[in-house]
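The values are calculated or read from the model by the stated rules, or taken from the named source; none is laboratory data. What you see is a predicted model; the values in this text were computed from it and never measured. Positions of Cβ are generated from backbone atoms using ideal geometry, with glycine treated the same way; all protein chains shown enter the neighbour counts. These accessible areas exclude ligands, DNA and RNA; they are computed on the full protein's heavy atoms, side chains included. Shrake-Rupley method; radii C 1.70, N 1.55, O 1.52, S 1.80 Å.
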Amino acid sequence: MSATPHQPTVTEREARQVAEAAREQDWRKPSFAKELFLGRFRLDLIHPHPMPAEDDVQRGEEFLAKLRDFCETKIDSARIEREAQIPDEVIDGLKDIGALGMKIDTKYGGLGLTQVHYNKALALVGSANPAIGALLSAHQSIGVPQPLKLFGTQEQKDVFLPRCARTDISAFLLTEPDVGSDPARLATSAVPDGDDYVLDGVKLWTTNGVVADLLVVMARVPKSEGHKGGITAFVVEAGSEGITVENRNAFMGLRGLENGVTRFHQVRVPAANRIGPEGAGLKIALTTLNTGRLSLPAMCVGAGKWCLKIAREWSAAREQWGKPVALHEAVGAKISFIAATTFALEAVVDLSSQMADENRNDIRIEAALAKLYGSEMGCLMADELVQIRGGRGFETAASLAARGERAVPAEQILRDLRINRIFEGSTEIMHLLIAREAVDAHLSVAGDLIDPDKSLSDKAKAGANAGVFYAKWLPKLVAGPGQLPRSYGEFNRHVDLSPHLRYVERNARKLARSTFYAMSRWQGRMETKQGFLGRIVDIGAELFAMSAACVRAEHLRLTGQHGREAYQLADAFCRQSRIRVDELFGRLWSNTDDLDRKVVKGVLAGTYEWLEQGVIDPSGDGPWIADATPGPSRKENVHRPIR
């Protein structure tokens, strides 16, 4: 695919360098997940389960009660699905109860909720209607409040945060028609002009963009005298002259989502609205997402809880061959999967969120794993619910109601959840992002060995450093507590969970050994082995989820909250997870990756074009990627701020 005339032409190496420069390079705090990938099972970092402060809990629970009442009395999810729009009065009501400011400090008019209770609120409102959850999440997790909280000046916080807390909806604009997860090709420009920057370009999939009052915009500042240049973040007034929302996009799910295409033509933005220095935009975006990514798995937890409720009620009422369908093993296995996975996913999200609140650990990998695992498992749970419901699962809620049955929107939740595997980093990109962090220690000591641009002396020095590192590290991967039959005995209660933690410890070491073997075998080609890296990450996700599930079960036992039942669910989840882990380990070395690459080359070359014969393509005409050439808009502005 050739670049459009205004699109920067970027080599693979240049794109990699841009992504690498945006990474947080240092690990100043411990990370349970990072240690896990290095073969070190640091249970002490997550157990005992971190606890929130009592006043934080009280404030959070008071808001959750208010939000629940609002959801039950003011939100008509069927209407939103039918009209493909959240009613203005619902958004106004959310503003009135402070839902726009859940994560904003009280001194700016927000509620000051912890990450834990913010996520619980998203799970609750997302279960009432996922489009509302997406609106609130995009506004606070990646919109104006979070980057300003982390990187904004005091003046910016004073000006914008009170607005975001009560009245103004915000959006985050990074993606462009021909730029997705490869921001090195970002084309929207911000040209310095006196005390302003002048923005030109087109942004795609701007969640909340249709109704937003404030925007976080990523744009490229050209390098010039006095200007470092690079991708830079700006707060932009959505009603500024030259901004046109050209289209409100429609999707297979989230029908109430206010997502659009936004064009900037000669839009003047004060330099005072720049967030951080020039060139720091991608780093700001990635750092914002460290905790921002937790919002999606939080809503997947809510979806899992709803799937479990419907599966329980339906499979007890529906009888086949003389007994409830739940008691047939084929259906029962699906219900067990939904129950155990919901428990584990909530454990992962709550643990990661509490660690984020305490700020003792670096949770960039934990949050990314939660997003990856939650979005994948959420889709699987919804799919299993549709299967349990049979034909009724495929039937719309409106159709069920029309013929006199309970209006259960099972097919809707499947459609609504599907985007989570793409939002805020697709599963494939998350695999690569997490894998990069997982091998960071190796690249830190041996990266120069495989860098073609490094001199022989640099390579020799790297070889010496690597020799020292691996001489100390590799022997520690041979044996550990996971081989001692009494390790983690404090988890032997109503059910014995200690074997599962021993399994995690043993397999963390096995995972680290496998990564080392792969780096030794493929060296500089390691980054091309995306199938292998994806499986490495998926194993890590399962081991993290098992750890979180066991720690949560013990936490609930100690606090007298369904401890016996929690142990049962944790045991069920770990047994299911271990089967998946064993399969993934087998597929590390026994797979069809090489053959798949050959087939793909054949497909692209047209070798198998004969296989496509015998069908009609109902697709319409038009380019695969819309033209995003800067210039004035020729379309009606569909921007509609809600006031």
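Among the candidates Arg521, Arg493, Arg506, Arg502, which residue alone is farther than 24 Å from Arg42 by Cα and of a type in the set (D, E, K, R)? Testing whether each residue is farther than 24 Å from Arg42 by Cα and of a type in the set (D, E, K, R) leaves just Arg521. Just one of the listed residues (Gly425, Gly524) is in contact with a helix residue (DSSP H, G or I) (Cβ under 6 Å, 6 or more places away or on another chain) and either open to solvent by 30 Å² or more (accessible area, probe 1.4 Å) or within 27 Å of Ser181 (Cβ to Cβ) (or both), and it is Gly524. Contact map, region 104-115: residues that are modelled with pLDDT of 95 or more and of a type in the set (A, V, I, L, M) paired with residues that are part of a loop (DSSP other than H, G, I, E, B) and open to solvent by less than 30 Å² (accessible area, probe 1.4 Å), Cβ distance under 6 Å, separation 6+ or inter-chain. Pairs shown: Ile104/Gly110; Leu111/Gly98; Leu111/Met102; Leu113/Met102. Is it true that Asp200 is more than 23 Å from the chain's Cα centre (by Cα) and surrounded by fewer than 16 Cβ atoms within 10 Å (Cβ to Cβ)? So Asp200 does not fit the description; no. Screening the candidates Leu257, Leu215 for the property of being crowded, with 24+ Cβ neighbours inside 10 Å and touching a helix residue (DSSP H, G or I) at 6+ places or on another chain (Cβ under 8 Å) yields one hit, Leu257. Just to be sure before I move on: is Ala316 open to solvent by 60 Å² or more (accessible area, probe 1.4 Å), modelled with pLDDT of 95 or more, among the aliphatic types (A, V, I, L, M) and in a helix (DSSP H, G or I) in the structure I sent? Judged against the criteria, Ala316 is not a match.
If you go through region 634-642 one residue at a time, do you hit one that is open to solvent by 80 Å² or more (accessible area, probe 1.4 Å) and farther than 30 Å from Ser170 by Cβ? Among the residues of region 634-642, not one is open to solvent by 80 Å² or more (accessible area, probe 1.4 Å) and farther than 30 Å from Ser170 by Cβ, which makes the answer no.
Looking at Leu204, Leu257, just one residue is closer than 24 Å to Ser181 by Cα and not in a loop (DSSP other than H, G, I, E, B), and that residue is Leu204.
Scanning region 482-521 for residues that are open to solvent by 60 Å² or more (accessible area, probe 1.4 Å), assigned to a helix (DSSP H, G or I) and in contact (Cβ under 8 Å) with a residue 40 or more places away in the chain turns up Glu490, Lys510, Arg513. For Ala626, the conditions (1) open to solvent by less than 70 Å² (accessible area, probe 1.4 Å); (2) among the hydrophobic types (A, V, I, L, M, F, W, C); (3) not in a loop (DSSP other than H, G, I, E, B) all hold with the exception of (3). Candidates are the residues of region 130-170 that are β-branched (Val, Ile, Thr) and closer than 19 Å to Phe234 by Cβ; the one that is most open to solvent (accessible area, probe 1.4 Å) is Val159. Here Asp453 meets each of (1) open to solvent by 60 Å² or more (accessible area, probe 1.4 Å); (2) closer than 20 Å to Cys307 by Cβ with one exception, condition (2).
Checked against the criterion of being free of Cβ contacts under 8 Å to residues at least 60 places away in the same chain and not in a helix (DSSP H, G or I), region 330-352 contains not a single residue that satisfies it. Contact annotation: residue pairs with Cβ atoms under 8 Å, 6 or more positions apart or on different chains, pairing a residue in region 77-92 that is at positive phi with a partner that is of a type in the set (Lys, Arg) and in a loop (DSSP other than H, G, I, E, B), are Ala84/Arg255. Report whether or not Leu282 is open to solvent by less than 30 Å² (accessible area, probe 1.4 Å) and closer than 30 Å to Ala190 by Cβ. Yes, satisfied. Considering (1) of a type in the set (Lys, Arg); (2) touching a residue at least 60 places away in the same chain (Cβ under 8 Å); (3) surrounded by 19 or more Cβ atoms within 10 Å (Cβ to Cβ), the lone condition that Lys95 does not fulfil carries the number (3). Applying a threshold of 6 Å to beta carbon distances and a minimum spacing of six or more residues, or different chains, the list of pairs starting in region 630-643 at a residue that is aromatic (Phe, Trp, Tyr) and ending at one that is open to solvent by 70 Å² or more (accessible area, probe 1.4 Å) is empty. Checked against (1) closer than 30 Å to Asp200 by Cβ; (2) open to solvent by 70 Å² or more (accessible area, probe 1.4 Å); (3) among the β-branched types (Val, Ile, Thr), Thr607 passes all but condition (1). Restrict the check to region 321-344 and report whether at least one residue is within 22 Å of the chain's Cα centre (by Cα), among the hydroxyl-bearing types (Ser, Thr, Tyr), open to solvent by less than 70 Å² (accessible area, probe 1.4 Å) and modelled with pLDDT of 95 or more. Within region 321-344, one or more residues are within 22 Å of the chain's Cα centre (by Cα), among the hydroxyl-bearing types (Ser, Thr, Tyr), open to solvent by less than 70 Å² (accessible area, probe 1.4 Å) and modelled with pLDDT of 95 or more.
Of Glu62, Glu54, all but one fail to be open to solvent by 30 Å² or more (accessible area, probe 1.4 Å) and more than 27 Å from Arg364 (Cα to Cα); the exception is Glu62.
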